[in-house]
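Reading through the structure tokens given below for one structure.
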Amino acid sequence: MAKPKVGFLGTGWIGRHRMEAALATGAIEAAAICDPSPECIAEAAQLAPDAAILPSSEALLDQDLDGLVIATPSALHAEQSIAALERGMAVFCQKPLGRNAAEAQAVVDAARRADRLLSVDFSYRYTAAAQALAEQIRSGNLGQLFAADLVFHNAYGPDKPWFYDRAQSGGGCVMDLGVHLVDLLLWLLDFPEVRDVSSTLLAGGKPLAGEAVEDYAVAQLTLANGVVARLACSWRLQAGQEAVIETSLYGTGGGASLHNLGGSFYDFEGKRFAGTTSELLISPPDAWGGRAAAAWAEQLARDYRFDPSAERLVDVARVLDRIYEG
């Protein structure tokens, strides 16, 4: 059987990394690439020398493709995803799927109508540490869960101007980093109803106002399963290291966490807690960054049809909306 033909829209660092991971599965064929940067195109062409190089997203969408990988600015995600789905292409999109829940819902609706696979690059689910955390929860080892703490502080912040333009990005650090925390929390707990959300958003150390985007945010989520979750994320926080990334859950039978090591964006350790003792569950190395893209490519090769789990993408977006409203 012929491999699915896939196009790659946006071949910056993340786009190329996901492209490399998807191609490494051997499940798909890179048929076409598109990026406004000649340098990015040249790098991508080294990964897929036989792929057609196209001058615009419109030209790419006009190709006879089975799937499209989208790694463009956030403002374009929903529009480009819907255009691809309406042409019968499966879609793998960078986060966020939309700048708000309405955009995300429109994409999921388009995927359902087209009966095509839709996934978003929620890559932290695929870390070995997150998988170990999920196993602790689902096995019942932690007892009845009641609390969660999730943190993502990036000491640098984005280097592209569009991240700081609300119209293009949809928001600041919540949209960039908090989206991963919300997804990880809901995924680990099998997407419970979120009953209450309160939040505080700051920009430059002051309450968010006007058209600015937040660079620090804290939120509390009360879930229908009884868990109270605290989330914090930021850009350029003076945290003494490049990044602080952690997800911890606590129950009546113990606790468990994943956390980054030495400020790394990539190296994670998983631990289980009992009283004052801890047990190491998983440690680096773990080449997890491209696993979401690889999983999508392999699923596309098996079955291109709509996967109902895509409905959960809207759940994540709705929580983000409530954090901004809070």
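A few remarks follow.
- Applying a threshold of 6 Å to beta carbon distances and a minimum spacing of six or more residues, or different chains, the list of pairs starting in the range 300-326 at a residue that is within 23 Å of Arg99 (Cβ to Cβ) and ending at one that is open to solvent by less than 60 Å² (accessible area, probe 1.4 Å) and acidic (Asp, Glu) reads Val316/Asp183.
- Total residues in the range 37-64, condition surrounded by fewer than 16 Cβ atoms within 10 Å (Cβ to Cβ), part of a loop (DSSP other than H, G, I, E, B) and not polar (S, T, N, Q): 5
- Subset tally (residues that are over 16 Å from Ala155 (Cβ atoms) and in a loop (DSSP other than H, G, I, E, B)) for the range 252-266: 2
- Looking only at the range 1-28, and only at residues there that are surrounded by fewer than 16 Cβ atoms within 10 Å (Cβ to Cβ) and free of Cβ contacts under 8 Å to residues at least 60 places away in the same chain, the one that is nearest to the chain's Cα centre (by Cα): Trp13
- Qualifying residue in the range 192-199 (condition: among the hydrophobic types (A, V, I, L, M, F, W, C), closer than 28 Å to Gly143 by Cα and out of contact with any strand residue (DSSP E or B) (no Cβ under 9 Å at 6 or more places or on another chain)): no
- Residue list for the range 72-91, restricted to those being more than 22 Å from Lys160 (Cβ to Cβ) and acidic (Asp, Glu): Glu86
- Listed here are the strands (runs of 3 or more DSSP E) enclosed by the range 87-164 that have at least 2 residues being at pLDDT 95 or above and under 23 Å from Glu269 (Cα atoms): 145-154.
- Given (1) closer than 26 Å to Ala22 by Cβ; (2) crowded, with 18+ Cβ neighbours inside 10 Å, index of the condition Glu298 fails: (2)
- Residue in the range 172-185 that is modelled with pLDDT of 95 or more and over 20 Å from Ile245 (Cα atoms) present: no
- If you go through the range 150-162 and keep only what is open to solvent by 40 Å² or more (accessible area, probe 1.4 Å) and in contact (Cβ under 8 Å) with a residue 24 or more places away in the chain, you end up with Tyr156, Lys160, Trp162.
- For the range 286-326, the set of residues classified as small (Gly, Ala, Ser) and over 18 Å from the mean Cα position of the chain (by Cα) consists of Ala301, Gly326, listed by residue number.
- Failed item, numbered, when Gly67 is tested on (1) touching a helix residue (DSSP H, G or I) at 6+ places or on another chain (Cβ under 6 Å); (2) open to solvent by 20 Å² or more (accessible area, probe 1.4 Å); (3) more than 23 Å from Trp162 (Cα to Cα): (2)
- All positions within the range 220-270 that are at positive phi and of a type in the set (Gly, Ala, Ser): Gly226, Gly240, Gly254, Gly262, Gly263
- Scanning the range 165-192 for residues that are part of a loop (DSSP other than H, G, I, E, B) and open to solvent by 10 Å² or more (accessible area, probe 1.4 Å) yields Asp165, Gly170, Leu189, Asp190, Phe191, Pro192.
- Filter result (farther than 29 Å from Leu221 by Cα and of a type in the set (A, V, I, L, M, F, W, C)) within the range 294-321: Ala294, Ala295, Trp296, Ala297, Leu300, Ala301, Phe306
- Residues of the range 286-324 satisfying the condition of being assigned to a helix (DSSP H, G or I) and either basic (Lys, Arg) or modelled with pLDDT under 95 (or both): Arg291, Arg302, Arg312, Arg318, Arg322
The values are calculated or read from the model by the stated rules, or taken from the named source; none is laboratory data. All figures in this text were calculated on a predicted structure; none of them were measured in a lab. Using ideal geometry, Cβ is built from the backbone for each residue, glycine included, and neighbour counts are taken over all protein chains shown. Quick note on the areas: whole protein, heavy atoms, side chains included, nothing else; ligands and nucleic acids left out. Shrake-Rupley method; radii C 1.70, N 1.55, O 1.52, S 1.80 Å.
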